[in-house]
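Shown next, in structure tokens, is the structure this report addresses.
The values are calculated or read from the model by the stated rules, or taken from the named source; none is laboratory data. Not measured: the values here are computed from a predicted model. Here the Cβ is made from the backbone with ideal geometry for all residues, glycine too, and neighbour counts use every protein chain on show.
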Amino acid sequence: MAKDLFERIQNSRGPLGKWASQAEGYYVFPKLEGELSNRMMFHGKEVINWSINDYLGLANHPEVRKVDAEAAQLYGAAYPMGARMMSGHTSKHEELEQNLASFVNKESAYLLNFGYQGMVSTIDALVTKNDVIVYDVDSHACIIDGVRLHMGKRFTYRHNDIESIEKNLERATKMAEVTGGGILLITEGVFGMRGQQGKLKEIVALKEKYNFRLLVDDAHGFGTLGKTGAGAGEEQGVQDQIDVYFGTFAKSMASIGAFIAADKVIIDHLKYNLRSQMFAKSLPMILVLGALRRLEMLKTMPELKAKLWENVNALQSGLKANGFDIGDTNTCVTPVYLNGSIPEAMMLVNDLRENYNIFLSIVIYPVIPKGIILLRMIPTASHTMEDIRETLDAFVAVRGKLLAGTYAELAAEKTVDVSEER
């Protein structure tokens with residue numbers, strides 16, 4: 001007799017879900033309230049918010065609020081109804097695609113109704129079972145899930161390690177010679193957890209030796225990197241050598257949706273083979289018109305990116321001056337690495353939120369190794385120097401408590417389960 005399918009689920013919530021009784025509603029699934037900004041409300045008090053990806057401060061910008069409201073008034077939330085191929089296609093979708101393609105220096109672009117599903121589907125549509133995928137071991141979950149759909153061979157390389165990339169390209173080349181397929185290499189323009197740029201310049205240089213195509217997920221780079229904000233490829237001077245470029249509206253553009261850009265023949269193929277778009281509703285007109293205005297602001301208001309980087313540099317230099325380990329980030333993403341257990345991490349973040357009015361994201365095992373606490377901050381153009389000063393003071397204070405064992409004692413008093421092996 002077969003087992004009950006739900007038996008495993010009932011006995012285990014998984015490595016993160018096991019903390020639900022202690023964490024849900026506070027450490028995970030928290031409720032931030034008020035207008036999207038550098039300061040918001042959490043549990044009835046104002047906190048400095050370092051945990052939203054509103055890089056350019058557009059989420060609550062008056063011009064953005066205006067165009068969103070006007071679009072809602074004009075079209076409602078439903079228009080257009082249906083998938084693009086059937087009944088959800090408009091000239092405004094085409095206009096946005098043309099503007100995006102031009103901005104990221106590609107021949108053509110195609111809108112995606114949601115970034116995560118779009119990336120999964122893009123990988124699926126680009127390869128067959130005869131092709132080989134080579135990808136960074138630290139790739140975002142949407143890339144991992146897209147690779148899981150692949151029926152052929154795939155190889156991971158050590159994070160941002162060119163020697164490992166080349167080794168795996170050699171393996172992929174041998175395999176492709178057997179299967180008669182090609183090679184797709186996938187990396188990120190910016191790795192959203194640690195903040196490093198993908199080594200795009202070094203990767204494209206390998207094209208002289210190996211025959212592969214390059215797909216870059218530039219979710220965190222689009223709008224923040226490069227002279228014009230066109231992303232990590234522009235920043236590193238290799239945008240023209242990225243074969244398929246992915247950008248999202250969920251970070252710099254403070255919206256929903258995404259796009260892919262490439263040569264027209266590639267985009268034409270993807271338009272007719274992206275299952276996540278062929279069988280799902282078109283991006284609503286509210287979001288299309290909103291994205292058109294946001295993109296125009298991104299292109300014509302360089303002061304937004306300038307203010308973002310003023311804040312990024314002030315925060316990161318301040319952290320380093322105070323002896324904090326922020327890894328080797330070279331982007332806006334600002335990680336702070338501390339040593340401590342999961343219960344200590346929970347007490348530390350509770351202290352930051354309740355006594356220092358600082359709200360940020362906490363990352364723990366299994367996302368990162370055991371014994372490491374990663375506090376991830378996302379500076380935005382909306383933050384102020386006062387926000388940064390208050391945050392630096394708070395970090396110095398909580399680090400002292402962590403080193404003194406204060407949080408370990410608090411965890412024991414509150415009977416937080418300190419076992420990380422269960």
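Per-structure values
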{"read-out": "Pair list, Cβ under 9 Å, 6 or more apart: the stretch 273-284 residue under 15 Å from Lys92 (Cβ atoms), other residue among the β-branched types (Val, Ile, Thr) and surrounded by 19 or more Cβ atoms within 10 Å (Cβ to Cβ)", "value": "Ser282/Val288"}
{"read-out": "Selection count where residues are among the small types (Gly, Ala, Ser), assigned to a helix (DSSP H, G or I) and surrounded by 13 or more Cβ atoms within 10 Å (Cβ to Cβ), scope the stretch 354-400", "value": "2"}
{"read-out": "Contacts under 6 angstrom Cβ, first residue in the stretch 188-203 being within 9 Å of Glu235 (Cβ to Cβ) and assigned by TED's automatic domain parsing to the domain that holds Lys251, partner outside any loop (DSSP other than H, G, I, E, B) and among the polar types (S, T, N, Q), 6 or more apart", "value": "Leu200/Gln236"}
{"read-out": "Hey, Leu5 part of a loop (DSSP other than H, G, I, E, B) and either surrounded by 11 or more Cβ atoms within 10 Å (Cβ to Cβ) or without any contact (Cβ under 8 Å) to a residue 40 or more places away in the chain (or both) or not", "value": "yes"}
{"read-out": "Pair list, Cβ < 6 Å and 6+ apart or interchain, from the stretch 117-136 residues that are under 10 Å from Leu149 (Cα atoms) to residues that are hydroxyl-bearing (Ser, Thr, Tyr) and outside any strand (DSSP E or B)", "value": "Ser121/Ser276"}
{"read-out": "Among the residues listed as Leu215, Leu225, Leu184, the single one being crowded, with 23+ Cβ neighbours inside 10 Å, closer than 20 Å to Arg171 by Cβ, within 20 Å of the chain's Cα centre (by Cα) and not acidic (Asp, Glu)", "value": "Leu215"}
{"read-out": "Residue match in the stretch 303-312 (condition: among the acidic types (Asp, Glu), surrounded by fewer than 21 Cβ atoms within 10 Å (Cβ to Cβ) and farther than 30 Å from Ile388 by Cβ)", "value": "no"}
{"read-out": "Single condition Ile52 does not satisfy, out of (1) modelled with pLDDT under 95; (2) part of a helix (DSSP H, G or I); (3) surrounded by 13 or more Cβ atoms within 10 Å (Cβ to Cβ)", "value": "(2)"}
{"read-out": "Considering residues of the stretch 271-320 that are among the polar types (S, T, N, Q) and not in a helix (DSSP H, G or I) only, the residue nearest to Gly229 (Cα to Cα)", "value": "Ser282"}
{"read-out": "Verdict on Met151 being buried (at least 17 other Cβ atoms within 10 Å of the Cβ) and in the same structural domain as Asp243 (by TED's automatic domain parsing)", "value": "no"}
{"read-out": "Test set (1) under 29 Å from Pro335 (Cα atoms); (2) polar (S, T, N, Q); (3) exposed (fewer than 15 other Cβ atoms within 10 Å of the Cβ) - Gln197 fails condition number", "value": "(3)"}
{"read-out": "Residues (touching a helix residue (DSSP H, G or I) at 6+ places or on another chain (Cβ under 8 Å), in a loop (DSSP other than H, G, I, E, B) and farther than 18 Å from Glu303 by Cα) located in the stretch 38-49", "value": "His43"}
{"read-out": "Residue in the stretch 221-242 that is touching a residue at least 12 places away in the same chain (Cβ under 8 Å), out of contact with any helix residue (DSSP H, G or I) (no Cβ under 6 Å at 6 or more places or on another chain) and within 20 Å of Ile144 (Cα to Cα) present", "value": "no"}
{"read-out": "Residue check for Ala69: part of a loop (DSSP other than H, G, I, E, B), out of contact with any Phe, Trp or Tyr (no Cβ under 8 Å at 6 or more places or on another chain) and of a type in the set (A, V, I, L, M, F, W, C)", "value": "no"}
{"read-out": "Checklist (1) aliphatic (A, V, I, L, M); (2) surrounded by 15 or more Cβ atoms within 10 Å (Cβ to Cβ); (3) part of a helix (DSSP H, G or I) applied to Leu403, failing item", "value": "(2)"}
{"read-out": "Residues satisfying the stated conditions in the stretch 321-351, i.e. assigned to a helix (DSSP H, G or I) and more than 24 Å from the chain's Cα centre (by Cα)", "value": "Ala321, Pro343, Glu344, Met347, Leu348, Asn350, Asp351"}
{"read-out": "Filter result for Phe279 (among the aromatic types (Phe, Trp, Tyr) and within 20 Å of the chain's Cα centre (by Cα))", "value": "no"}
{"read-out": "Residue match in the stretch 180-199 (condition: modelled with pLDDT under 95, in contact with a strand residue (DSSP E or B) (Cβ under 8 Å, 6 or more places away or on another chain) and of a type in the set (Lys, Arg))", "value": "yes"}
{"read-out": "Condition check for Asn38: in contact with a His (Cβ under 7 Å, 6 or more places away or on another chain), closer than 28 Å to Thr334 by Cα and not β-branched (Val, Ile, Thr)", "value": "yes"}
